[in-house]
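Since every read-out is calculated from the coordinates, none of them should be taken as a lab result. Since the model is a prediction, treat every value here as computed from it, not as a measurement. Neighbour counts run over all protein chains shown; Cβ positions are idealised from the backbone, glycine included.
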Amino acid sequence: MTLEELAKEKVLILDGAMGTMIQRYNLTESDYRGDRFADWPSPLQGNNDLISLSQPDILKAIHKAYLEAGADLLETNTFNSNAISMADYHMEHLVTELNAEAVKLAKAAIAEYQQETENRPAFVVGSIGPTNRTASISPDVNQPGYRAVSFDDLEQVYFEQALALIQAGADALMVETVFDTLNAKAALSAIYRAFQVAQQTIPVMVSGTITDASGRTLSGQTAEAFLISLSHFPLFSIGFNCALGADQLLPYVQEISRKSNFRISAHPNAGLPNAFGQYDQGPEEMTELIKPFLDLGVVDIIGGCCGTSPDHILSIKKLADTVGKRREQKTEMDHAL
């Protein structure tokens, strides 16, 4: 069964947070380094993408926990596996390997789960994060025209990551946590070029971030403007994640659901962070707030972002099985490039 075929049958369940799960292991600097990077000259603690190389068993265990919770889509541990983000650790040269190994581990987790537990379809989604730079906004208030990165530089960085994910066998790509639509456009341009080089296409998902109660992305776009700006690309889905809890995110998901023929996704945080940066919303509370997304039929893909765990995904999955209603598509969509 293909991803397209499964999406026609049910509301797809996306997995939950990766960082939340990694934090549960209380990894030390030595753990992040492993044997291979024991003598690395700069600190590595907090480089979560690196555990694909230094602690692969941990990463596979996290993926399997989400599969056991009912996830249909596993995101790769590659949110920061790009040359810009890896430059903080002087690891730009590892980008291709990081992405390839992350796909390999996610696929291995699925294969083991299907052999040991349940032979149901599950798919690997290559996670492409926003980098830590923005193409639309100056980082210096005294130089409003200055940009820390160019569109062309971003496009090349995204191309390297996208090509590695595609060639490693990812079933789909997700450009996620988009706070600057110009960054996302660079990513989509890079993905299109990577498709040409790899001589294959796979579904592409985009998920933006509404940063606060203003209802806008960091670069100033409303939900509708965000949708319109990216509708030129034949997306598998578009939606929102991060920054907000489910109840705060619902109005913006409803807005793009009314106005788009693309599939709609949402993976909100487990509420808003407390004073210590922790997320207090448990599985039951979050699931109750997710219920309107499913009752109203405004999403095709639902999951969790910061603060969520396999327990959250299991609870959401049980709800989706009971009341999940696929969104009504206005027209038959062709996602082939």
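Are any residues in the stretch 302-320 among the aliphatic types (A, V, I, L, M) and within 18 Å of PRO251 (Cβ to Cβ), and if so, which ones?
Within the stretch 302-320, ILE302 is the sole residue that qualifies.
When the residues of the stretch 269-300 are filtered to those that are in contact (Cβ under 8 Å) with a residue 24 or more places away in the chain and at positive phi, which remaining residue is surrounded by the most Cβ atoms within 10 Å (Cβ to Cβ)?
Here the residue is GLY271.
Could you list, in sequence order, the residues of the stretch 239-279 that are of a type in the set (D, E, K, R) and within 19 Å of PHE179 (Cα to Cα)?
Listed by number, the list holds a single entry, GLU255.
Out of all the residues in the stretch 7-64, which are among the polar types (S, T, N, Q), surrounded by 12 or more Cβ atoms within 10 Å (Cβ to Cβ) and part of a loop (DSSP other than H, G, I, E, B)?
Result: GLN45, ASN47, GLN55.
Answer yes or no as to whether VAL103 is over 27 Å from ALA266 (Cβ atoms), touching a residue at least 60 places away in the same chain (Cβ under 8 Å) and either hydroxyl-bearing (Ser, Thr, Tyr) or buried (at least 16 other Cβ atoms within 10 Å of the Cβ) (or both).
no
Scan the stretch 83-98 and tell me whether some residue there is of a type outside the set (Asp, Glu), buried (at least 16 other Cβ atoms within 10 Å of the Cβ) and in a loop (DSSP other than H, G, I, E, B).
The answer is yes, given that some residue of the stretch 83-98 is of a type outside the set (Asp, Glu), buried (at least 16 other Cβ atoms within 10 Å of the Cβ) and in a loop (DSSP other than H, G, I, E, B).
Mind listing just one residue for me: the one in the stretch 133-183 that is assigned to a loop (DSSP other than H, G, I, E, B) and touching an Asp or Glu at 6+ places or on another chain (Cβ under 8 Å) and, of those, surrounded by the fewest Cβ atoms within 10 Å (Cβ to Cβ)?
So the residue we want is TYR146.
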